[in-house]
Amino acid sequence: MKTWFLHHRQAVTATLRQMFSTPLASLFTLFAIGITLSLPTSMMVILNNATEIAATLPNPNEISVYMDEHSNGEKLKHQLSTLPNVASTQFIPKQMALAKIGQQLNLGQLINDLPKNPLPDAWIITPVSNDSVSIKRLVTQLQKLPDVDLVQADHVWSQRLDALLKLGRDMLLLLAGILAIALIAITSNTIRLQISTRHAEIEVSQLIGATDRYIRRPFLYFGVMQGLLGGIIAWLIVFTCIQLLMPQFLALGKLYDTNLSIHTLTLTDSLLLLTLSAAMGWIGAYFAVSRSLANIKKFA
């Protein structure tokens, strides 16, 4: 066990020595990895924030039923209670609706000067099933009621928003897959360059009995460290961009009278980013070393 720890400590030391021996080249490679990883990470942050904002919006499957001016509210309430897909109903008097609009838009004096309330009484219907077909069927039933003037359902824009978020997630997975291959290629190419400069050393190590695992170990550590440091740089890039954009989002939220802000990566997201970046560095190094060792044995 002591020998095992000694070998791994030597591999880590050799890896750090190799990085510090070429600081400029290592720095450029790390920034290339960091920028590559920051693209899907930024997209993930945007999607997470968009999903969170969408969750705070009013229930998109609610149906607004506007009553006719001469309709009977009690009669309509009884008719609504008999419909099969109605979970709950809420009556909104036109006086309350007008007062709420005046409060939100700061039009109190203008509303008080109106000769007549232009708004109708309304019912807010929450359906039992959020299925599109069921909602459309309920809308059709509501439109046929004699005391109803207008029925407005907002489920269409909700479905469009869900479709856009799903498209964004699919695009994120596709982009992450493509950039993961690019990251593995970057790491693999860096490792191959190192192996080419240490070709003679590797051949001597094989002649004195060094196993492939022993030869491969420092290169694997190099790939893991390179990927891990690139992931840290990606995290810093995303965090810095969010901090720079935060004042603009807060100002935009104030214009719409809402608390609009961007949330950065969570602890789980950060650990996932670092784990995946280190894993991709390891994969790139493993394939590069295995291929190079096979070629050395072939021509030995």
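Just a yes or no: is a residue in the stretch 102-115 at pLDDT 70 or above and either touching a strand residue (DSSP E or B) at 6+ places or on another chain (Cβ under 9 Å) or outside the structural domain of THR187 (by TED's automatic domain parsing) (or both)? Yes - at least one qualifying residue is present in the stretch 102-115.
When SER64 is tested against the conditions (1) among the small types (Gly, Ala, Ser); (2) part of a helix (DSSP H, G or I); (3) farther than 20 Å from ILE233 by Cβ; (4) at pLDDT 70 or above, the lone failure is (2). Among the numbered conditions (1) of a type in the set (Val, Ile, Thr); (2) modelled with pLDDT of 75 or more; (3) assigned by TED's automatic domain parsing to the domain that holds ASN189, the only one that THR89 does not meet is (3). If you take the residues in the stretch 149-160 that are part of a strand (DSSP E or B) and touching a helix residue (DSSP H, G or I) at 6+ places or on another chain (Cβ under 6 Å), which one is modelled with the highest pLDDT? Only one residue tops the list, namely VAL151.
Residues that are more than 33 Å from the chain's Cα centre (by Cα), at pLDDT 80 or above and part of a helix (DSSP H, G or I) occur in the stretch 177-195; there is at least one.
Just one of the numbered conditions (1) surrounded by fewer than 17 Cβ atoms within 10 Å (Cβ to Cβ); (2) at pLDDT 80 or above is not true of LEU228: (1). Would you check if PHE20 is at pLDDT 75 or above, in the same structural domain as LEU273 (by TED's automatic domain parsing) and either surrounded by fewer than 13 Cβ atoms within 10 Å (Cβ to Cβ) or in contact with a Pro (Cβ under 6 Å, 6 or more places away or on another chain) (or both)? Considered against the rule, which asks whether it is at pLDDT 75 or above, in the same structural domain as LEU273 (by TED's automatic domain parsing) and either surrounded by fewer than 13 Cβ atoms within 10 Å (Cβ to Cβ) or in contact with a Pro (Cβ under 6 Å, 6 or more places away or on another chain) (or both), PHE20 comes out as no. Restricting the first member to the stretch 241-258 and to residues that are in the same structural domain as THR41 (by TED's automatic domain parsing) and basic (Lys, Arg), and the second to residues that are surrounded by 11 or more Cβ atoms within 10 Å (Cβ to Cβ) and at pLDDT below 85, the beta-carbon pairs closer than 9 Å and six or more apart or on different chains are LYS254/LEU260.
The values are calculated or read from the model by the stated rules, or taken from the named source; none is laboratory data. Note that this is a predicted model, so its numbers are computed, not measured. All Cβ positions, glycine included, derive from the backbone under ideal geometry; neighbour counts span all protein chains shown.
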